[in-house]
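The values are calculated or read from the model by the stated rules, or taken from the named source; none is laboratory data. Not measured: the values here are computed from a predicted model. We place every Cβ from the backbone using ideal geometry, glycine too, and count neighbours over all the protein chains shown.
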Ligand SMILES: C[S@@+](CC[C@H](N)C(=O)[O-])C[C@H]1O[C@@H](n2cnc3c(N)ncnc32)[C@H](O)[C@@H]1O
């Protein structure tokens with residue numbers, strides 16, 4: 001592992017729980033990232049959020065961008081002060097990623113990206129949007145905290161997207177690698193081309209599906225009967241006009257006006273056409 005001995009890594013792992021108060025990485029996930037990342041040459045990498053993973057990446061990457069906001073939790077300040085940080089390998093872009101990422105201009109392709117900044121919806125998706133076009137073939141994309149619904153949503157999307165292959169899930173951390181599929185156009189649409197959108201939600205489309213399953217003649221017959229049955233129902237409707245809804249019965253169900261006289265309006269079927 002470039003620049004980081006096993007001893008140093010263990011030391012970094014031990015410092016995780018006390019490094020900051022914004023929720024740190026599990027040691028198993030930390031180890032998993034190190035295992036996958038050390039198989040590749042990482043010239044450029046990016047991470048949202050900061051913490052022990054920043055210390056780790058400072059040893060694994062030749063140039064690591066960190067998009068983070070300290071917000072008083074120590075996640076940036078403590079990392080900057082840590083003796084485990086290889087500071088000359090790391091560039092901090094401080095501020096909310098909602099503002100810093102859209103303005104940032106990546107000049108190099110990334111071999112590694114970690115999404116672990118703000119977790120509220122839609123921020124993980126937003127970060128993904130600004131990072132995915134820069135991921136190189138066979139690069140790693142790690143997303144943390146997939147037990148949170150907003151992150152789980154992104155996790156599911158990635159699992160069904162052809163640009164990514166799920167390498168491993170360690171606790172609530174997912175590690176993907178970038179396949180050779182072309183970059184999905186970040187400025188167009190084409191939602192139907194994405195694996196995540198391939199199957200529509202049947203609770204909204206089942207009627208159309210059933211209709212399309214019927215042969216043409218049956219479909220025409222069904223719509224003929226539906227039309228005439230609907231018309232018939234409308235024509236034979238009776239509307240009670242007096243007494244009104246609220247006049248008819250009070251809270252306890254007593255008649256308050258009308259005393260049994262009921263006026264109505266409506267159209268009736270011709271005599272003899274209506275079953276009893
Ligand atoms: C879960 S922690 C990251 C943990 C880190 N990966 C580690 O190994 O310890 C989340 C990080 O995102 C930062 N953060 C929260 N909201 C942010 C925002 N809007 N923009 C950038 N960073 C934010 C927090 O300050 C913290 O550094």
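Worth pointing out:
- Residue match in the stretch 18-41 (condition: near the ligand (Cβ under 8 Å from one of its atoms) and in a helix (DSSP H, G or I)): yes
- Each residue in the stretch 38-53 was checked for being under 21 Å from residue 25 (Cα atoms) and modelled with pLDDT of 95 or more, and 7 of them qualify.
- Of the listed requirements (1) in a helix (DSSP H, G or I); (2) within 16 Å of the chain's Cα centre (by Cα); (3) in contact (Cβ under 8 Å) with a residue 40 or more places away in the chain, residue 158 misses just one: (3).
- Annotation for the stretch 177-197: no member residue is within 16 Å of the ligand (Cβ to nearest atom) and assigned by TED's automatic domain parsing to the domain that holds residue 22.
- Test: residue in the stretch 96-104 that is within 11 Å of the ligand (Cβ to nearest atom) and closer than 27 Å to residue 168 by Cα: yes
- Any hit, the stretch 54-67, residues being modelled with pLDDT under 95, surrounded by fewer than 22 Cβ atoms within 10 Å (Cβ to Cβ) and within 14 Å of the ligand (Cβ to nearest atom): no
- One residue stands out among those in the stretch 161-176 that are in contact with a strand residue (DSSP E or B) (Cβ under 6 Å, 6 or more places away or on another chain) and free of Cβ contacts under 8 Å to residues at least 40 places away in the same chain: the one that is nearest to residue 24 (Cα to Cα), which is 174.
- Within the stretch 72-95, being away from the ligand (no atom under 11 Å from the Cβ) and either surrounded by fewer than 16 Cβ atoms within 10 Å (Cβ to Cβ) or more than 30 Å from the chain's Cα centre (by Cα) (or both) holds for 80, 81, 82, 83, 84, 85, 86, 87, 88, 89, 91.
- All of 152, 111 fail the test of being on the phi < 0 side of the Ramachandran plot, at pLDDT 95 or above and part of a strand (DSSP E or B), apart from 111.
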